[in-house]
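Just below is one structure, and these are the notes that go with it.
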Amino acid sequence: MGSEARKRSREKLREQREKEKRASRRKKNLLVVGIAAAVVLLIVGIGYAVMTSGQDEGYEGEMAAQVLQEDGSVVMANEGVSAPVVEVYADYQCPACRQFELLNGDLLKERAASGEAIVQFRPVSIFAQQPTPISSNSLRAGAAARAAADHGVFVEYNDLLFENQPTEGREGFSVDELKEWFRQTDSDETQASEFDERLDAEAEIVTEFTEEFLPALTADATEEIGEETLGTMVLTDLLAWGADNGHDPSFLDGTYTGEIIEATGTAYTRYSGDNMFRGTPSVYINGELLDNNSAMTARGLSEAIASASAGEVETEPMGEGGDAE
């Protein structure tokens, strides 16, 4: 073999070794990435398993009766039952509320149907003072849920709202979507037509409130009483201040949008001390606030219900008609 031939042979051998080294490095990198991905999946899997520990696989039995209350809340319970009262405060734009619904929605239906619990749904809007679309999403969905309650399908509609919750900060819960979801409940065309009419009216109120009224009120309040004081006020207090200072909130009277705002203000002032309402989801059993370990796992909530004594619903059923007006 001549010198040129040996040189070409050595060059090919060098290239082959470099190719093998690169292939070896790629295999090592893929192995490391694969191990890292497996570890992440394991951690996520363990976290999910802990969170869903004891979670129901789905409730498909008979539903307890759902009764609209004068304050706009809905009680799900068998008639005449004596059981712990589970109150659920939730905002339809709240991601943690959606998680609660996914974890415990079926459990609450089953416990109500079996007579082991009286469940009171209390929709609120903790995002009403946030910029749009968070505020408008929250209020529009809350008003739609209240309208669904007029037709006896609140619980089913509640599920659909959380199932279709928009990403926080993105516009969602459009009027067309809210109408479409109502038709997925056990309702007839007459009810759907009435729902549509109410929703159209509420949507206009939500737009006026979030895009015109509240920004102007907030700007004046900030100038007059200061941002620090404003930050300590719940929305209902701000509306009361506005009524005395040239911002008439009477367009909210008789609306479900106003009812949701009022329900939120009541939640903030109803409880005190360790039971103070601070946000959503908030779950109370017989007026006692549950911690997250109990409220946010099916096993924890189930045990809390089982260990509680019978309670009393403090609201009254709505009379004939059901409308806020």
Do the conditions hold for Tyr59, that is, is it over 24 Å from Gly287 (Cα atoms) and modelled with pLDDT of 65 or more?
yes
Restricting to region 216-226, name every residue that is open to solvent by 60 Å² or more (accessible area, probe 1.4 Å) and either under 28 Å from the mean Cα position of the chain (by Cα) or in contact (Cβ under 8 Å) with a residue 40 or more places away in the chain (or both).
none
Select, from Gln130, Gln120, Gln99, the only residue that is assigned to a helix (DSSP H, G or I) and not aliphatic (A, V, I, L, M).
Gln99
Tally, over region 169-214, of residues that are open to solvent by less than 40 Å² (accessible area, probe 1.4 Å) and among the hydroxyl-bearing types (Ser, Thr, Tyr)
3
Among the residues of region 136-156 satisfying the criterion of being open to solvent by 10 Å² or more (accessible area, probe 1.4 Å) and not in a helix (DSSP H, G or I), which is nearest to Gly319 (Cα to Cα)?
Asp150
For the condition assigned to a helix (DSSP H, G or I) and over 13 Å from the mean Cα position of the chain (by Cα), what is the one hit in Glu171, Glu180?
Glu180
Restricting attention to region 78-112, which residues are without any contact (Cβ under 8 Å) to a residue 60 or more places away in the chain, open to solvent by 10 Å² or more (accessible area, probe 1.4 Å) and closer than 22 Å to Met318 by Cβ?
Asn78, Glu79, Gly80, Val81, Lys109
Filter pass, Gly273 being modelled with pLDDT of 95 or more and closer than 28 Å to Leu102 by Cβ:
no
Has region 47-55 got at least one residue that is hydrophobic (A, V, I, L, M, F, W, C), at pLDDT 95 or above and either farther than 25 Å from Arg146 by Cβ or exposed (fewer than 15 other Cβ atoms within 10 Å of the Cβ) (or both)?
no
Pair list, Cβ under 9 Å, 6 or more apart: region 186-213 residue closer than 29 Å to Met63 by Cβ, other residue among the acidic types (Asp, Glu):
Asp186/Glu156; Ser187/Glu156; Gln191/Asp150; Glu194/Asp150; Phe195/Asp150; Arg198/Asp150; Arg198/Asp323
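Let's see how each residue does on (1) open to solvent by less than 70 Å² (accessible area, probe 1.4 Å); (2) over 15 Å from Arg122 (Cα atoms); (3) β-branched (Val, Ile, Thr):
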{"site": "Trp241", "(1), (2), (3)": "yes, yes, no"}
{"site": "Asp244", "(1), (2), (3)": "no, yes, no"}
{"site": "Gly254", "(1), (2), (3)": "yes, yes, no"}
{"site": "Gly258", "(1), (2), (3)": "yes, no, no"}
{"site": "Thr266", "(1), (2), (3)": "yes, no, yes"}
{"site": "Arg278", "(1), (2), (3)": "no, no, no"}
{"site": "Ala308", "(1), (2), (3)": "yes, yes, no"}
Sort out for me the helices (runs of 4 or more DSSP H) sitting completely within region 201-249 that have 1 or more residues that are among the aromatic types (Phe, Trp, Tyr).
235-243
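The values are calculated or read from the model by the stated rules, or taken from the named source; none is laboratory data. As the structure is a prediction and not an experimental result, all values here were calculated from the model. We place every Cβ from the backbone using ideal geometry, glycine too, and count neighbours over all the protein chains shown. In case anyone asks, the SASA skips ligands and DNA or RNA and just uses the protein heavy atoms, side chains included. Shrake-Rupley method; radii C 1.70, N 1.55, O 1.52, S 1.80 Å.
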